[in-house]
Structure formats: structure tokens, C-alpha cells
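Take a look at the structure set out below.
Derivation of every value follows stated rules applied to the coordinates shown; laboratory data play no part. It should be emphasised that the depicted structure is a prediction, and the values quoted were computed from it without experimental measurement. Please note: Cβ atoms are built from the backbone with ideal geometry, for glycine as well, and neighbour counts cover all protein chains shown.
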Amino acid sequence: MPPPPRPQPDPLDRALDLAVTKCLRDAARLPAFPHVTRGGDWLTSEHARWTGGFFVGMLWLAAELRGEPGLRATARGWARRLAPRAPDRTTHDMGFLFEPSCVRGHRIAPDPELRALAVTAARALASRFVPAGRYIPAWEPSEGAEYAGVAIVDTVMNLPLLSWAAAETGEARLHEVARATAATIRAQHLRPDGSTFHVVGHDPRGGEVVRRGTHQGAHDGSCWTRGQAWTLYGLARWIAVDPADEVREAARRTADYFLGQLGERVIPPWDFDPAAAATGPVDSAAGAIAASGLLELARRSGEARYATAAERIVRGLVATCVDFDAPGRPGLLRHGTVDYPRRSGVDESLIYGDHYLMEALVKLRRPSLWGILGCV
Ligand code: GLY
């Protein structure tokens with residue numbers, strides 16, 4: 001009798017293995033932080049843009065999945081390269097930069113240097129808070145006069161860093177800034193149907209809302225898919241900080257909108273506007289972010305349907321966007337879109353897509369590691 005066929009590994013385990021292999025190879029060969037692929041390899045930046053933390057976060061996960069102590073040193077070395085950015089007061093992106101890198105590293109093994117970098121980053125972020133409008137501006141007017149007073153919904157993902165740093169240091173103001181900003185985002189960016197305005201413009205002096213619209217989406221009335229994914233994930237995490245009914249309801253509403261618009265698809269279109277979706281590219285990164293966020297929401301709400309939806313998306317992304325036949329190809333998750341209106345980074349791998357796919361895979365296949373992932 002022929003031997004029974006060997007059981008095939010679950011594609012999610014294969015994808016997680018590939019994520020580990022790819023990021024460790026990149027750590028050994030790349031001169032600086034990978035951001036987005038172009039022409040078949042990563043564009044890199046020693047400045048780390050807004051994305052350097054995601055690569056470091058993948059390296060920490062790789063170290064824990066492999067269980068090789070030497071790999072922690074690799075991740076730590078890359079985390080320390082973010083040090084010049086810790087006092088940066090010019091951007092809202094400090095959670096993206098310092099949570100997966102320094103907080104995650106400090107969670108894995110207490111590390112005063114990484115903790116100090118993350119606390120410095122939180123203070124820099126809080127310094128941007130505008131009391132008149134109770135919001136954190138995303139960008140700087142020096143980058144363009146139109147950026148004055150502009151808040152973006154993505155900021156909701158950066159708020160747990162503030163609450164974490166408040167708990168670490170006893171600086172209550174950091175938490176107050178986070179709470180006020182979270183409330184403003186819920187009040188100003190969410191539409192009644194659960195979709196979101198990417199951008200809310202404020203009068204920089206008085207703080208009044210002067211515009212609601214988009215920066216990376218199709219038009220002011222549309223819902224930019226990745227912004228919606230950041231929102232559902234950010235609100236799901238915010239439940240850990242503030243479990244109030246209105247926070248839970250907002251997290252569910254944004255998640256339900258995302259899932260309702262996604263329908264049977266696994267890769268989200270770049271924008272949920274039907275005409276834009278029909279003619280434009282997809283954004284796999286939005287799918288990975290949403291899936292990881294839905295797993296968080298399932299955990300925080302106790303509603304298994306969100307975990308079921310997340311696993312469906314992850315399995316679909318692994319089946320359609322992970323190229324198992326080209327393990328040497330840079331990038332894990334294909335078919336991401338950075339900014340379609342500006343035709344920037346279309347149909348590429350984005351380091352945040354890779355990071356959140358890996359994170360979702362960890363939540364599904366190695367949930368014991370959940371506790372090290374971030375601030376909450
Ligand atoms: N601003 C973050 C993003 O492009 O998703």
C-alpha cells in the first residue's frame with residue numbers, strides 16, 4: 001500500500017514562515033528601513049518616514065516565532081536606529097513609528113532605552129495637540145499651507161502610545177490628550193452610516209471645523225478604504241483604554257461598514273465609492289489592517305463573527321497576494337496601493353501591509369504572542 005499523503009501545512013503557517021524568512025533576509029541586506037516596493041525591490045529610507053516601525057515590528061515577531069535569542073538583538077539594533085525620530089514634533093505618526101518597534105521590544109524584554117524612546121515619542125506627539133479644537137494635526141503647514149489645521153482619521157492608531165506613556169510615567173496629560181483626540185475623531189470623522197471622512201480641516205486659530213473630505217480617497221464624499229481600516233482597528237484598540245458603550249458602538253459601526261462594503265471580496269478596492277472601486281486598483285494593505293483590527297474587535301467585543309470575517313480576509317489575502325513561488329521576491333503582500341489620486345505606489349508591496357498581515361497571522365496561529373504586540 002502506498003504511504004498516506006503527508007498532510008500539507010496550513011497556508012497561514014506557510015505565510016507566517018515566509019514573513020519571517022523575508023524580513024530576516026531584508027534585515028541582513030537592506031541599507032535602511034523598507035517603505036514600499038518599486039521596480040521589484042524596496043525603496044528604503046534611513047529617516048524611516050512614517051513606516052520604519054513596521055519593519056522593526058516584523059523583526060520582533062520573527063525573533064519570537066523563531067525563538068532564537070540572537071534575533072532579538074537584530075530587532076533591537078533596528079529599533080535603536082529610530083532614535084533620531086523620537087523627539088520629532090512635526091508629525092502625528094509617532095505611534096506607527098514607536099509602538100511596533102520600541103513598545104513591542106520593551107514588552108518582550110524590559111528595555112529602558114526603548115522605553116525612553118517611546119516615552120519621548122509620546123511627549124512629542126502630545127505637544128501637537130491643539131486645545132482650541134481638541135485635535136492633533138497630522139501634518140505641518142511647512143509641508144504645504146493647505147495642511148494647517150488638518151486632522152486625519154489615521155491618527156486614531158497613534159493614540160494608544162499616549163495612554164501607554166501616561167501609565168509608564170504618571171504624566172496624566174498624555175492620557176488626557178489621547179482621550180480628547182479620540183472623542184474628537186469619533187465626533188468629527190464618523191458618518192452616521194459608519195463610514196469615515198479621511199480628513200477634517202480646522203481653523204488653526206479657533207479650532208472650528210471648516211472642511212470634511214479626503215486626502216487619499218476618491219472624493220470628499222467617499223470612504224477611503226485604508227482610512228476605514230485604520231479607524232476600525234484604532235477604535236477596537238481604544239476599547240481597551242475606554243470601554244464606554246459609545247466607543248464599542250463606534251468600533252462596531254465602522255467595522256460593520258467595512259465588512260458590508262467589502263461583501264464577498266477579499267481584497268478591498270482602494271476606495272469604497274462604487275465607481276472608483278470599479279475602475280481603480282485594490283489595496284491589500286487595507287485588507288490586512290482591517291483583518292488584524294477585526295481580530296482585536298472580536299477579542300474586545302466577544303463577537304465571534306468579527307474573527308470569522310478576519311480569518312476569511314486573511315485566507316483570501318494569503319491565497320491571492322502572497323507569492324509562495326517566489327520566496328526571494330522582496331515584499332510579502334502584493335497588490336497594495338499607497339495613494340491612488342497621486343498615482344503613488346500603485347500595485348506594490350507596502351511595509352505596513354506586510355506588517356499587519358504578519359500580525360493577523362500571529363493572532364490567528366500564535367495567539368500566545370498577542371500580549372507583546374502593542375500598547376494595549
Ligand atoms: N497615512 C497612512 C496611510 O497612508 O495609510
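I'd like the full set of residues that are under 21 Å from Ser292 (Cβ atoms), away from the ligand (no atom under 12 Å from the Cβ) and either assigned to a strand (DSSP E or B) or of a type in the set (Phe, Trp, Tyr) (or both), limited to the range 325-357.
Once the filter is applied, which keeps residues that are under 21 Å from Ser292 (Cβ atoms), away from the ligand (no atom under 12 Å from the Cβ) and either assigned to a strand (DSSP E or B) or of a type in the set (Phe, Trp, Tyr) (or both), the range 325-357 yields Leu333, Glu348.
What pairs come out if I take residues in the range 78-97 that are closer than 19 Å to Ala32 by Cα and in contact (Cβ under 8 Å) with a residue 40 or more places away in the chain and pair them with residues that are away from the ligand (no atom under 12 Å from the Cβ) and of a type in the set (Asp, Glu) whose C-beta lies under 8 Å away, six or more apart or interchain?
Once the first residue is closer than 19 Å to Ala32 by Cα and in contact (Cβ under 8 Å) with a residue 40 or more places away in the chain and sits in the range 78-97, its partners that are away from the ligand (no atom under 12 Å from the Cβ) and of a type in the set (Asp, Glu) give Arg81/Glu46; Met94/Asp88.
When the residues of the range 294-309 are filtered to those that are closer than 13 Å to Ala240 by Cα and surrounded by 24 or more Cβ atoms within 10 Å (Cβ to Cβ), which remaining residue is nearest to the ligand (Cβ to nearest atom)?
Ranking the candidates gives Glu296 first.
For the range 73-158, give me every one of the helices (runs of 4 or more DSSP H) that falls completely inside it and has 3 or more residues that are more than 15 Å from the ligand (Cβ to nearest atom) and within 16 Å of Ala48 (Cβ to Cβ). Before you say what the answer is, go through the steps one by one.
On the way: elements: 94-98, 104-108, 112-126.
By residue number, 112-126.
For the range 50-77, how many residues meet the condition of being free of Cβ contacts under 8 Å to residues at least 40 places away in the same chain and touching an Asp or Glu at 6+ places or on another chain (Cβ under 8 Å)?
Result for the range 50-77: 1.
Residue check, Ala288 against (1) surrounded by fewer than 21 Cβ atoms within 10 Å (Cβ to Cβ); (2) within 17 Å of Met157 (Cα to Cα); (3) under 19 Å from the mean Cα position of the chain (by Cα), all met but one. Which one?
(1)
Which ones in the range 159-172 are within 22 Å of Tyr233 (Cβ to Cβ), touching a residue at least 12 places away in the same chain (Cβ under 8 Å) and either assigned to a loop (DSSP other than H, G, I, E, B) or not polar (S, T, N, Q) (or both)? Steps first, answer last, please.
Step one: filter the range 159-172 for residues within 22 Å of Tyr233 (Cβ to Cβ), giving 159-167.
Next cut, touching a residue at least 12 places away in the same chain (Cβ under 8 Å) only: 159-166.
Scanning the range 159-172 gives Leu159, Pro160, Leu161, Leu162, Trp164, Ala165, Ala166.
Inside the range 115-132, can you point out the residues that are over 21 Å from the mean Cα position of the chain (by Cα) and under 21 Å from Arg104 (Cβ atoms)?
If the condition is that a residue be over 21 Å from the mean Cα position of the chain (by Cα) and under 21 Å from Arg104 (Cβ atoms), then Ala116 is the only one that fits.
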